[in-house]
1. Look through Leu67, Leu82 and report the one residue that is touching a residue at least 24 places away in the same chain (Cβ under 8 Å), surrounded by 15 or more Cβ atoms within 10 Å (Cβ to Cβ) and of a type outside the set (Asp, Glu).
2. Please give the strands (runs of 3 or more DSSP E) falling wholly within region 128-198 in which 3 or more residues are surrounded by fewer than 21 Cβ atoms within 10 Å (Cβ to Cβ).
3. So which residues in region 212-227 are more than 16 Å from Gly255 (Cβ to Cβ) and at pLDDT 80 or above?
4. Being under 30 Å from Phe259 (Cβ atoms), surrounded by 18 or more Cβ atoms within 10 Å (Cβ to Cβ) and either modelled with pLDDT under 95 or more than 16 Å from the ligand (Cβ to nearest atom) (or both): is that true of Ile49 here?
5. Under the condition of being more than 8 Å from the ligand (Cβ to nearest atom), surrounded by fewer than 19 Cβ atoms within 10 Å (Cβ to Cβ) and not charged (D, E, K, R), which residue from region 21-38 is nearest to Gly219 (Cα to Cα)?
6. Cβ-Cβ distance below 7 Å, separation of 6 or more or different chains: which pairs start in region 123-146 with a residue that is closer than 22 Å to Leu16 by Cβ and end on one that is within 16 Å of the ligand (Cβ to nearest atom) and of a type in the set (Ser, Thr, Tyr)?
7. Looking at Arg188, is it of a type in the set (D, E, K, R), in the same structural domain as Ser252 (by TED's automatic domain parsing) and within 16 Å of the ligand (Cβ to nearest atom)?
Amino acid sequence: MSAPARGARRARVRALAKINLDLRVLGKRPDGYHELRTIFQTISLADTIDIAFTRSPRTVIEIEDPLQLADNLAVRAARLALDTMGVSGRVALRLVKRIPMGAGLGGGSSDAAAVLLALPVLAGKFIPLPVLAQMAADLGSDVPFFLVGGAAVGIGRGTEIFPLPDAPSRTGVLAVPDVHVSTAEAYRRLSPRLTTESEQNKIFSFQSLASAGGVSETGCNDFEAVVMEQYPQLALLKKRLERAGAAPALMSGSGSAVFGLFRTRDQSFRARNALSGEKAVGISLVNRTRYRAMWWRALQEHIEQKLWPPPSRYAR
Ligand code: C5P
């Protein structure tokens, strides 16, 4: 990638990973997607993205990406943002990936959301949150959540987001096995096992969890049954985390990452050591106040008005 042009407006942003504190799949919808009830939560693991924007008559989007993905979601997000703003210019993206792919941690989705949040600021344009949310949903089911971060309920395809109040931060351990799970494939395996009978129970128990603010020592993930059947080493990881005192210990999204949350830092630290031989990192939950502060710090030098981050339609 060539050096960013002179006169470019630049920002370095962090795109956080997510875990699902709870994930229930109710059934297949007429549009082919599945109806979900989930609780998303941002965590401290993050990619770093350098974004440079220069106005010019012709649009060119360049990316320096170690994974060399043919169809990078961040590039699609940049194109969509420029089109929506009616702005042309040169966008240079440099991606430092730390969030593993195919792990259920929303890495690609978070990168895309980060571009949707940062590029309008660098271009000096404002896109209202409902418009951003629609753009995000067009890019992927997990993308809208990263516009708000913290803990949030996701319903529908996972794109209808209802922020939950901040809870005290917790620490944990994230184990990332060398397994790449295809989300579409995981849904295909799960779909025939979903029954309407269990739907009512799922909604009921999910509602009690959500009304408790998403913070719980339990939680469930409907994908575990099918994905752990295919990759028994993930079930073993979950057991090891539980034995180390994790509450809950769960797979994230459609896997393959498995996380455990602990009551104390000390317990987290010991659990991480106990997982010797596995790829595991210490994590902490990042609430919305911290998420917004992080975004504010990254972009404040470019922000001309106080209306940022875009206020939620639920904000009072
Ligand atoms: O929306 P996204 O592109 O991330 O979804 C990837 C795939 O996962 C979809 O093509 C679909 O097969 C499946 N999916 C689903 N129901 C959802 C979300 C995703 O069936 N709520």
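1. Details: Leu67 fails: surrounded by 15 or more Cβ atoms within 10 Å (Cβ to Cβ).
Only one candidate qualifies: Leu82.
2. Details: elements: 151-156, 160-163, 171-175.
The strands (runs of 3 or more DSSP E) meeting that bar are 160-163.
3. Residues of region 212-227 that are more than 16 Å from Gly255 (Cβ to Cβ), as a first pass: 212-218.
Correct list: Glu217, Thr218.
4. Numbers: under 30 Å from Phe259 (Cβ atoms): yes; surrounded by 18 or more Cβ atoms within 10 Å (Cβ to Cβ): yes; either modelled with pLDDT under 95 or more than 16 Å from the ligand (Cβ to nearest atom) (or both): yes.
So Ile49 passes the test.
5. Per the criteria, the residue is Gly27.
6. Close Cβ pairs satisfying both conditions: Ala137/Thr159; Gly140/Ser109; Ser141/Thr159; Asp142/Ser109; Val143/Ser109; Pro144/Thr159; Phe146/Ser109; Phe146/Ser110.
7. Details: of a type in the set (D, E, K, R): yes; in the same structural domain as Ser252 (by TED's automatic domain parsing): yes; within 16 Å of the ligand (Cβ to nearest atom): yes.
In short, yes.
The values are calculated or read from the model by the stated rules, or taken from the named source; none is laboratory data. As the structure is a prediction and not an experimental result, all values here were calculated from the model. Glycine also receives a Cβ, built like all others from the backbone with ideal geometry; neighbour counts cover every protein chain displayed.
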